[in-house]
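Worksheet: one structure, shown below.
The values are calculated or read from the model by the stated rules, or taken from the named source; none is laboratory data. What you see is a predicted model; the values in this text were computed from it and never measured. Neighbour counts are summed over all protein chains in view; Cβ atoms, including those assigned to glycine, are modelled from backbone coordinates with ideal geometry.
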Amino acid sequence: MPDLIVSLVDPKSLDSIMNMPMRLLIEGMESRSLRTIRPDQIPPSRQFDVDLEGEVLEWIDENPSLDVDYSLREQNIPTENKLELLLLMCHWASSVEWRCWDARLFLYLEPSLDYEVKSTESFLSPSLWKDFSTAISSYDRSSFVESVVMDWMSRRESLGETMDPSSDPRILPTMESHQIISGSLFDIIEGSRLEGNSILLGREYLEARSWHLGDRTLEDIIG
């Protein structure tokens with residue numbers, strides 16, 4: 001299954017680009033001048049400026065009936081087409097993008113929740129992420145990372161797996177990976193909770209209408 005993607009979206013940046021007439025959007029993407037309205041990048045990574053500029057301009061070429069004097073929301077084009085551009089705009093307004101495969105998501109979320117995650121489909125539920133955000137609000141970064149590592153160690157031991165690095169040379173690199181990835185996740189959730197940024201939630205190859213921004217689907221947002 002494709003990686004789950006969690007991004008931190010700056011509402012002001014998104015509003016700015018969503019309310020922009022298509023003419024200014026096209027000019028800004030072609031001249032690269034809209035890079036100034038992207039939020040500052042934070043670790044570990046996000047989609048590159050040049051890649052998103054190319055995707056937006058490709059979308060423009062594929063929608064020749066656009067009225068360049070109006071914003072995306074005002075366009076008289078199919079909703080599915082609007083959603084494709086809205087998703088690109090969300091990526092543009094993101095300060096960070098975090099990707100993870102499902103098996104690891106159980107490790108990172110379940111230790112802080114007071115219930116078991118029933119299926120991988122639950123990872124696309126905004127309510128689960130709201131519960132997770134509330135649950136880790138009492139942690140600091142190091143405590144959260146430690147809880148993830150301790151849970152991972154406990155799961156290994158319950159399966160009869162060794163925790164001796166001399167017996168399994170992958171243990172220390174795997175532990176370090178869990179520390180880095182879980183720490184990045186904590187930073188994103190904390191950034192959403194404390195700074196008022198929105199969580200963009202979806203999967204690679206997932207149709208745009210099924211992505212969530214906060215507790216709303218993109219389809220709800222575009223109307």
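Tell me, which helices (runs of 4 or more DSSP H) wholly within region 65-184 include 1 or more residues that are at pLDDT 90 or above and within 17 Å of the chain's Cα centre (by Cα)?
It comes to 79-92, 102-109, 126-136.
Can you name the residue in region 52-64 that is out of contact with any helix residue (DSSP H, G or I) (no Cβ under 7 Å at 6 or more places or on another chain) and part of a helix (DSSP H, G or I) and is also farthest from Leu88 (Cα to Cα) among such residues?
Asp61
If you scan region 1-46, which residues turn out to be of a type in the set (Val, Ile, Thr) and out of contact with any Cys (no Cβ under 8 Å at 6 or more places or on another chain)?
Hits for region 1-46 are Ile5, Ile17, Ile26, Thr36, Ile37, Ile42.
Please tell me if Arg209 is assigned by TED's automatic domain parsing to the domain that holds Ile42, in contact (Cβ under 8 Å) with a residue 24 or more places away in the chain and among the charged types (D, E, K, R).
Against the criterion (assigned by TED's automatic domain parsing to the domain that holds Ile42, in contact (Cβ under 8 Å) with a residue 24 or more places away in the chain and among the charged types (D, E, K, R)), Arg209 qualifies.
Looking only at region 92-109, decide whether some residue is out of contact with any strand residue (DSSP E or B) (no Cβ under 7 Å at 6 or more places or on another chain), closer than 30 Å to Arg35 by Cβ and assigned by TED's automatic domain parsing to the domain that holds Trp59.
Looking for residues that are out of contact with any strand residue (DSSP E or B) (no Cβ under 7 Å at 6 or more places or on another chain), closer than 30 Å to Arg35 by Cβ and assigned by TED's automatic domain parsing to the domain that holds Trp59, one finds at least one in region 92-109, hence yes.
Could you tell me how many of the residues in region 17-51 are surrounded by 15 or more Cβ atoms within 10 Å (Cβ to Cβ), touching a Ser or Thr at 6+ places or on another chain (Cβ under 8 Å) and more than 15 Å from Ser95 (Cα to Cα)?
The qualifying residues number 4.
For region 11-47, give me the residue count where each residue is closer than 21 Å to Leu218 by Cβ, outside any helix (DSSP H, G or I) and more than 23 Å from the chain's Cα centre (by Cα).
Final tally of qualifying residues: 2.
Do we find that Ile189 is of a type in the set (Val, Ile, Thr), buried (at least 16 other Cβ atoms within 10 Å of the Cβ), in the same structural domain as Thr120 (by TED's automatic domain parsing) and farther than 18 Å from Pro39 by Cα in this structure?
Here the answer is no, as Ile189 does not meet what is asked.
Is it true that some residue in region 9-24 is closer than 27 Å to Tyr108 by Cβ and of a type in the set (A, V, I, L, M, F, W, C)?
Taking every residue of region 9-24 in turn, at least one turns out to be closer than 27 Å to Tyr108 by Cβ and of a type in the set (A, V, I, L, M, F, W, C).
Of all residues in region 1-10, which are of a type outside the set (A, V, I, L, M) and either under 19 Å from Ser95 (Cα atoms) or more than 22 Å from the chain's Cα centre (by Cα) (or both)?
Scanning region 1-10 gives Asp3, Ser7, Asp10.
Would you point out the residue of region 85-130, among those that are basic (Lys, Arg) and out of contact with any Asp or Glu (no Cβ under 6 Å at 6 or more places or on another chain), that is surrounded by the most Cβ atoms within 10 Å (Cβ to Cβ)?
By that ranking, first place goes to Arg104.
How many of the residues in region 165-211 are more than 30 Å from Glu80 (Cβ to Cβ) and of a type in the set (Phe, Trp, Tyr)?
Of the residues in that region, 1 qualify.
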